[in-house]
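In what follows, a single structure is set out as structure tokens and then discussed.
None of the figures in this text is laboratory data; all of them are computed from the coordinates on show. None of these values were measured; they are calculated from a predicted model. Here the Cβ positions follow ideal geometry from the backbone for every residue, glycine too, while neighbour counts run over all protein chains shown.
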Amino acid sequence: MNLAETYHLNDKTSKYANFAQLRRKHQYLGLPGNFKTRVPAEMVFTDMTSGRADELYYNDENLLINLEEESDYINTKTLEKFSKYSIFNSYWHIRRKLYLAVICHKPPKSKTEFFEYAPSVYFKAHYIYFSQEELWDRYENVINKVEHNETLTDAEALDIAFTSKFISKKYAPYVVENLCKTFKDAKIEDKHLKLDVKVILSGMILKHINSEIKQEKLMEMIGMRHIENELDELVYEQYGDKLDAKDKEIEIMHKEMETKDKEIDNLTKSKKAYDKLVEKLHTFDDFNSPEARKIINALMLLR
């Protein structure tokens, strides 16, 4: 059996995993404000060609953040793509100010870059780059702190989640495996953060570990078998009041539906009685006869 099927998450869990990864990635990259909500990333340009941003979402500071990820060096073609994205997003999300951030896997020329789309149209890109040396330092720091039973900061906890995403693919399987062992013993005080790190780390396992047997072993090591119960607990802890109110609303709706069902049932019975009386009335030649008048009066009452 394929492990992706073995550890298939239900719809609620999958949505939470995607949400957690983007929200924590925003935090990890040090982008402005706090993640608020993801928006559709599809675009249609004036020449009727289409495109899709890697990530597009709002923060809580009225910014629309377009987060791109580039595996190669930034070149003229890349900048033209960013320009088309920026023009569309600035028009389509007119009430939000645009912030273009780019995760670079090759070192950029600088932290920011202005580029000219037209003589009077310029855009600014904010580049994010982690050198391999920095990533190895972060990795070793987390390993050492856990070995010495020290509590991790939020940033260090997120190093467990994301170091293997940015480190060289050659070493990613080795790093993922060791980070799983580290996570098992890691002291992360914020249990919501710890759950998010677990979810993100599980994605790194499936991405970088080829052996299904090893995948299963690592998934068990970080406790992914209990993930859905933990999510249920977390969701009700954070949104319990709203969910309880919704449950009450649903309960009222059910009672109203039961009342409606009874009304419909009574109407159905009345209709059947009405049809029988009409059918009987048709057997009379004289509708003014006493029996016929009784039936007519009964029909009027049923109506």
Of all DSSP beta bridges with both partners in the stretch 31-129, the antiparallel percent, nearest 5, is 55
Computed from the beta carbon distance with a Förster radius of 25 Å, FRET efficiency for Asn18 and Lys81 to the nearest 0.05 stands at 0.60
The orientation-averaged projected area of the Cα convex hull of the stretch 74-216, in nm², is 11.3
Listing Arg138, Arg95 by rising number of other beta-carbon atoms within 10 angstrom, fewest first, gives Arg95, Arg138
For the stretch 69-110 the chymotrypsin sites (Phe, Trp or Tyr not before Pro) that pass both the DSSP coil test and the at-most-12 other-Cβ-within-10 Å test are Tyr73
For the pair Glu61 and Tyr122, the simple spin-label estimate (label points 7 Å beyond Cα toward Cβ) gives in nm 2.1
Low-density loop trypsin sites (Lys or Arg not before Pro), the stretch 169-220, at most 15 other Cβ within 10 Å, DSSP non-H/G/I/E/B, are Lys169, Lys170
From the Cα centre of the stretch 30-105 to that of the stretch 117-193, the distance in Å is 23
Applied in sequence order to the stretch 58-72, the curve 6.51 cos²θ - 1.76 cosθ + 1.60 (Karplus, θ = phi - 60°) yields integer Hz couplings, x standing for Gly and Pro, of 9, 9, 8, 10, 6, 9, 9, 9, 9, 9, 9, 9, 10, 7, 10
Quick note on Met48, Met43, Met221, ordering by fewest other C-beta atoms within 10 Å, gives Met48, Met221, Met43
Simple SL model, points at 7 angstrom along Cα→Cβ for Lys111 and Glu291; separation in nm is 10.1
